2 protein chains.
Amino acid sequence: MTTLDYTTQKDWQFVGGQHQSPIDITTANTTASQLSAISWRGLYQAKTIVGTDTTLQATGTGAAYLNDRDFNFDQIHFHTPAEHLIDGQAAPLEWHLVHRSATGQLAVVAVFGRIGKPNASFQGLLDQLTPNASHELTEPINLTELLPDTGTVYHYLGSLTTPPLTETVEWYVCADSVMLGEKQLATYQALFKANNRDVQSLNERPVIAERL
Amino acid sequence: MTTLDYTTQKDWQFVGGQHQSPIDITTANTTASQLSAISWRGLYQAKTIVGTDTTLQATGTGAAYLNDRDFNFDQIHFHTPAEHLIDGQAAPLEWHLVHRSATGQLAVVAVFGRIGKPNASFQGLLDQLTPNASHELTEPINLTELLPDTGTVYHYLGSLTTPPLTETVEWYVCADSVMLGEKQLATYQALFKANNRDVQSLNERPVIAERL
């Protein structure tokens, strides 16, 4: 039995780092649930382009119910190739729709891009992109075409995929990918190098297969 | 601007320890919400007494909606004096109803005890207690009298209050305390020493005042 000595509690060590993201989702090991993962509520818009040298990023407004709770959309950014794997496979592009609740709970909706017809929302962001320079948009960019509206959503608890790698993040990884043009992907990849974090150990975490 | 070097990602440091529990809740600094914090669903029962030398602990069954999501009751244990403070004041006793969701999300409902009429559920646990020895109960103990059924609930994101101090815990701290007998408290305190962790820095975390 562990004995806890409250007189030496200043020496207790905080243990973290066992619930990191991204992960490789083995679909055969997920647990099916009838829970509603995501309900989009109202318009998703980008309002400010954030200059970084590693990714296209934009802040904006939007709202969703995630597992039936209120979350506000905060920012979107892109990773190439995808950070999350599905049965070991990586999509060419993955974007993260970062949300926050009133209590400060972080929740990220991850969406994969696949080559197909051009995507107007992605084009809107590419057109306004000026690497390393932030600027407010005179006209907001409609992000609707970057949001999937059907399919399975893999839900698990993880972390931010960039430092400080904070571990209080709910992940909603959408199985159904969204189309974007081959030229659009080439334009993005000409501007930014690979920025995918390696997959991390699952460490016994359950992954729930919910419905969008 | 921060430059992220993905070729040295093995050296990225995980940063944690800024969202610890317990906290001192300054009620004037909480944000009111109409969100339903807790809906008790079905019977809460203790089924096994867990022997520890620091607290009375029992595992059992029960279920609640916490912020409208399904959680299962896992275990109850006690702290004296209370770990959470309300405007700097500590109750003589605080118990933690530890819950878990299907994804493994931890959520703890914290309830304060105040001196008043004897509490049948608490007495049931005290009667079965054998410090340092675990045993299954032949008859489950009904925990109903340890659950508040009205009042404000302070909701914030924190940690376990004992090692490993893991930071993925939703806290629901009930403002309305529950009565227990003076003799009952004395019986408990004769068996266990003070086991309250010191309050931790809030670090800009919002605290939401919800309704039970």
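The values are calculated or read from the model by the stated rules, or taken from the named source; none is laboratory data. Everything numeric here is computed off the predicted structure, so don't read it as measured data. Every residue, glycine among them, receives a Cβ derived from its backbone with ideal geometry; neighbour counts consider all protein chains shown. To get the accessible areas, we keep the full protein, side chains included, count just its heavy atoms, and leave off ligands, DNA and RNA. Shrake-Rupley method; radii C 1.70, N 1.55, O 1.52, S 1.80 Å.
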_Can you work out the Karplus-derived ³J(HN,Hα) for every residue in region A:79-84? Use 6.51 cos²θ - 1.76 cosθ + 1.60 with θ = phi - 60°, whole Hz, and x for glycine or proline._
10, 9, x, 4, 8, 7
*Using a simple charge model, +1 on the beta-carbon of Lys and Arg, -1 on the beta-carbon of Asp and Glu, nothing else, what dipole does the protein assembly as shown show about its Cα centre, in debye to the nearest 20?*
200
*Using R₀ = 45 Å, calculate the FRET efficiency as 1/(1 + (r/R₀)^6) where r is the Cβ-Cβ separation of A:LEU137 and A:THR26; round to 0.05.*
0.65
_7 Å along Cα→Cβ for the label point: how many nanometres lie between A:LYS47 and each equivalent label in the other copies, listed shortest first?_
5.0
*Which residues' amide hydrogens lie under 5 Å from the amide hydrogen of B:TYR44, considering only partners 5 or more residues apart or on another chain, with H built in the peptide plane?*
B:LEU143, B:THR144
*asked:* Using the crude model of +1 on Lys and Arg Cβ and -1 on Asp and Glu Cβ, and no other charge, please compute the dipole size for chain B relative to its Cα centre, in debye to 20.
replied: 200
_Tell me whether region B:1-105 comes out rounded, prolate or oblate; compute the Cα gyration tensor, take square roots of the eigenvalues as a ≥ b ≥ c, and use a/c under 1.5 as the rounded threshold._
prolate
*With all protein chains present, how much of the accessible area of region A:17-211 (probe radius 1.4 Å) comes from carbon and sulfur, to the nearest whole percent?*
48
_Taking beta carbons within 10 Å but only from partner chains, what does the mean come to for residues A:195-208?_
2
*Determine the shape class of chain A: with a ≥ b ≥ c the square roots of the Cα gyration tensor eigenvalues, call it rounded for a/c under 1.5, and otherwise prolate if a/b is greater than b/c, oblate otherwise.*
prolate
_Whole-Hz ³J(HN,Hα) for each residue in region B:25-39, computed from phi via Karplus 6.51 cos²θ - 1.76 cosθ + 1.60 with θ = phi - 60°, x for glycine and proline: what do you get?_
8, 8, 4, 5, 9, 8, 10, 6, 9, 8, 4, 7, 6, 9, 10
*asked:* To check you understand DSSP bridge types, tell me what percent of the beta bridges within region B:99-186 (both residues inside) are antiparallel, rounded to 5.
replied: 50
_Closest beta-carbon to the A-to-B rotation axis: which chain A residue owns it, and what is the separation in whole Å?_
A:GLY16, 2
*Could you pull the Rg and Dmax for the protein assembly as shown, using just the Cα atoms, both in Å?*
23.7, 77
*asked:* Quick query: amide H of A:LEU137 versus all other amide H atoms, modeled in the peptide plane; which residues come in under 5 Å with a sequence gap of 5 or more or a different chain?
replied: A:THR48, A:ILE49
*Can you list residues whose amide H is under 5 Å from A:ARG211's amide H, if they're 5+ apart or on another chain and H is modeled 1.01 Å from N?*
A:LEU35, A:ALA37, A:VAL153
*Where the centre of each part is set by its Cα atoms, how far does region A:55-96 sit from region A:150-197, in angstrom?*
5
*Taking the label point as lying 7 angstrom from Cα along the Cα-to-Cβ axis, what are the distances from B:ASP87 to the corresponding position in the remaining copies, in ascending order and in nanometres?*
5.9
*Enter the mean number of other protein chain beta carbons within 10 Å of the beta carbon of each residue in A:98-104, as an integer.*
5
*Cβ neighbours within 10 Å from other chains - mean over B:12-20*: 6
_I'd like the accessible area for B:ARG205, computed on protein heavy atoms only with a 1.4 Å probe and all protein chains in place. Round to 10 Å², please._
20
*Grab the beta carbon distance between A:THR8 and B:ARG100, set R0 = 30 Å, and tell me the FRET efficiency rounded to 0.05.*
0.55
*Restricting the count to DSSP beta bridges whose residues both fall in chain A, what percent are antiparallel, rounded to a multiple of 5?*
80
_For the interface of A with B, what's the total buried accessible surface in square angstrom, probe 1.4 angstrom, rounded to the nearest hundred?_
3700
*asked:* Suppose we keep just the DSSP beta bridges with both residues in the protein assembly as shown; what percent of those would be antiparallel, to 5?
replied: 80
*Any idea which of A:VAL15, A:THR26, A:ALA110 is furthest toward the positive side of the dipole for chain A, if Lys and Arg beta-carbons carry +1 and Asp and Glu beta-carbons -1?*
A:ALA110
*Estimated 222 nm signal from helices in chain B, with DSSP H stretches of n ≥ 4 weighted -39500 (n - 2.57), rounded to 500*: -2500 deg cm²/dmol
_Per-copy distances of the A:LEU126 label point, shortest first, in nm (7 angstrom along Cα→Cβ)_ = 7.2
*asked:* Taking a ≥ b ≥ c as the square roots of the Cα gyration tensor eigenvalues, with a/c under 1.5 meaning rounded and otherwise prolate when a/b beats b/c, else oblate, which class fits region B:104-148?
replied: oblate
*Could you name the aspartates and glutamates in cross-link range of A:LYS10, using Cα to Cα under 19 Å and dropping any fewer than eight places away on the same chain?*
B:ASP24, B:GLU83, B:GLU167, B:ASP198
*Rolling a 1.4 angstrom probe over the protein heavy atoms, how many square angstrom per residue are accessible across chain A?*
44
*Please give every one of the aspartates and glutamates within straight-line cross-link reach of A:LYS183, meaning a C-alpha to C-alpha distance under 14 Å, and leave out same-chain neighbours fewer than 8 residues apart.*
A:ASP127
